[in-house]
Amino acid sequence: MISILDQNFSQLNEFLNELQPSQILILVDENTHEYCLPKLLGNLVTDVSFEIIEIEAGEALKTIETATHLWEIFAEFAADRKSVLLNVGGGVITDLGGFAASTYKRGISFINIPTTLLGMCDASIGGKTGIDHLFLKNIVGTFATPEKIFVFPDFLQTLPFAELRSGFAEMLKHGLIADEKHWNDLIALENLTPENIAPFLETSMLIKQNVVEKDFKEQNIRKTLNFGHTIGHAVESLFLQKGKPITHGEAVALGMICETHLSFLENLIREKTAIIIVNNILRFFPYLPITEFSTDEMITLMKNDKKNEAGNINFSLLVGIGECKFDCLVSARNITYALHYYQNLTA
Ligand code: NAD
Ligand code: ZN
């Protein structure tokens, strides 16, 4: 198993001891430097020398310029195939660090240590690295697998609530597409706290890991992880364009509501099941006003999604709770109905 739930850093220490790297480079952002690095260094037991590389926090730094800066630092530290990079942070750090490591000298080793919930159950797993370019997210990247992924649930303690809830949307998605029990466990939670969520982390990590192992290059079943994301990405971009950014998880939750209704419109699930799903998502992710966005502009954005081919919009839709079908071609009329359904939820 490549991703490991490590409560007390013992497995990371054991692994580094076996790996015997020539040096350890640790990539952090300003927040993970402050909140996570002290915990990590306080528990790290190794004779190997280490250097810390800090970048500013945020998506804006996930660029080729920052990757270039990292390549220069790797060169300064004479990093080679025996060095290992520890990416300690959220999805920005694991995407960017993984990209820089996998391209430097045709690839040096890296280990992901995700510190956000989204990173723990999603971004750090699956071997996709990337940077943003020309206003396009993750447009340049590599498929590159970390040596290991170590997940320390304790890092969630300092994570802002909005970030915690954002990652929770991906966990709900995992339940809906692959594991009814996981979904039932999650919707039974009274409120979202690190303590409440931690017992279910490993199941989410495993669901993502299993799907990726079956279909690394996203030819078939990996597409099910896009459930909620076709509409979610479009809405996320529009909120950003209007200067009112929402979290990725809020966008995915909204997308999952619309795409659940779409699954019903496409006769894949019963209306009663769809309503149960929608009401439970709304408990954690209350309605967000999207009436100012026209359905045409949302559909245009969906058509431009890099996952589509030949102008068709490809959805992954539910065929039950815990079951998902990919490559569903859906009419623009039903997409419009699904968006109107969400817009009318306030009433
Ligand atoms: P992020 O890395 O920007 O982290 C969110 C914020 O939380 C940052 O300000 C960060 O500094 C802070 N933070 C991180 N850990 C903390 C902690 N323990 N305590 C306090 N603050 C902490 O964002 P994210 O949501 O983790 O990841 C989003 C990125 O992940 C996007 O760039 C997205 O494209 C990428 N992603 C990649 C994949 C993939 O398969 N490679 C999948 C999903 C998302
Ligand atoms: Zn996502």
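Averaged per residue, segment 2-158 has 43 square angstrom of accessible surface, using a 1.4 angstrom probe with ligands and nucleic acids left out. Couplings 3J(HN,Hα) for segment 157-167, derived from phi with the Karplus relation 6.51 cos²θ - 1.76 cosθ + 1.60 (θ = phi - 60°), are 4, 9, 6, x, 4, 4, 6, 5, 5, 4, x Hz, where x marks Gly and Pro.
Tell me the chymotrypsin sites (Phe, Trp or Tyr not before Pro) within segment 116-153 that lie in a loop according to DSSP and have at most 15 other beta-carbon atoms within 10 Å. Answer by residue number: Phe135.
A straight chain from Thr291 to Val140 at 0.36 nm per residue would run longer than the Cα-Cα distance by 51.1 nm. Among beta bridges identified by DSSP and lying wholly in the chain, the antiparallel ones come to about 30 percent.
Quick note on segment 149-223: its Rg to Rh ratio, both from C-alpha atoms and Rh being the Kirkwood radius, is 0.99.
Between Glu195 and Asp154, the contour length at 0.36 nm per residue exceeds the Cα-Cα span by 13.8 nm.
Computed over the chain, the per-residue total of -39500 (n - 2.57) for DSSP H runs of n ≥ 4 gives a 222 nm mean residue ellipticity of -14000 deg cm²/dmol, rounded to 500. Segment 42-63 and segment 122-156 have their alpha-carbon centroids 15 Å apart. How many nm is it between the label spots at Glu72 and Glu51, if each spot is 7 Å from the Cα in line with the beta carbon? If labels sit at Glu72 and Glu51, their model points lie 1.3 nm apart.
The region of the chain that goes longest without hitting one of the trypsin sites (Lys or Arg not before Pro) in a DSSP loop, each with at most 11 other Cβ atoms within 10 Å, is 1-216.
Comparing Gly175, Gly119, Gly42 in a Gaussian network model of the chain where C-alpha atoms under 10 Å apart are linked, the largest mean-square fluctuation is found at Gly42. Working from Cα pairs under 8 Å separated by at least six residues, relative contact order for segment 2-158 is 28 percent. Would you look at the GNM of the chain, springs on alpha carbons closer than 10 Å, and say which of Glu323, Glu297, Glu147 moves the most? Looking only at Glu323, Glu297, Glu147, the largest GNM fluctuation is found for Glu297. Comparing mean-square fluctuations of Glu163, Glu18, Glu195 from a GNM of the chain with C-alpha springs under 10 Å, the top value falls on Glu18. The local environment of Gly322, defined by Cβ-Cβ distances under 11 Å, has a net charge of -2 under the rule Lys, Arg +1 and Asp, Glu -1. The alpha carbon gyration tensor of the chain gives principal lengths a ≥ b ≥ c with a/c of 1.5 or higher and a/b greater than b/c, which makes the shape prolate. Label-to-label distance, Leu19 versus Asn267, with points set 7 angstrom from Cα along the beta-carbon direction: 5.2 nm.
Using a/c under 1.5 as the rounded threshold, could you call segment 1-105 rounded, prolate or oblate? The axes a ≥ b ≥ c are square roots of the C-alpha gyration tensor eigenvalues, and prolate needs a/b larger than b/c, oblate otherwise. Oblate, because a/c is 1.5 or more while a/b does not exceed b/c. Residues Glu236, Glu266, Glu259, Glu54, sorted by accessible area with the largest first, give Glu54, Glu266, Glu236, Glu259 [1.4 Å probe; ligands and nucleic acids excluded]. Protein heavy-atom surface of the chain, 1.4 angstrom probe: 51% of the accessible area is carbon and sulfur, with nucleic acids and ligands not counted. Spatially, segment 64-94 and segment 181-233 are offset by 28 Å when compared through their Cα centroids. Can you tell me the orientation of helix 271-284 relative to the chain, as the angle in degrees between its alpha-carbon axis and the longest Cα principal axis, to the nearest 10? It works out to around 50 degrees. Straight Cα distances below 22 angstrom link Lys137 to the lysines Lys62, Lys128, Lys173, Lys208, Lys217, Lys223, Lys242, Lys244, Lys303, Lys306, Lys307, with same-chain residues fewer than 8 positions distant left out.
The values are calculated or read from the model by the stated rules, or taken from the named source; none is laboratory data. Just so you know, these numbers come straight off a predicted model, no measurement behind them. Neighbour counts run over all protein chains shown; Cβ positions are idealised from the backbone, glycine included. Accessible surface areas use protein heavy atoms only, side chains included; no ligands, DNA or RNA. Shrake-Rupley method; radii C 1.70, N 1.55, O 1.52, S 1.80 Å.
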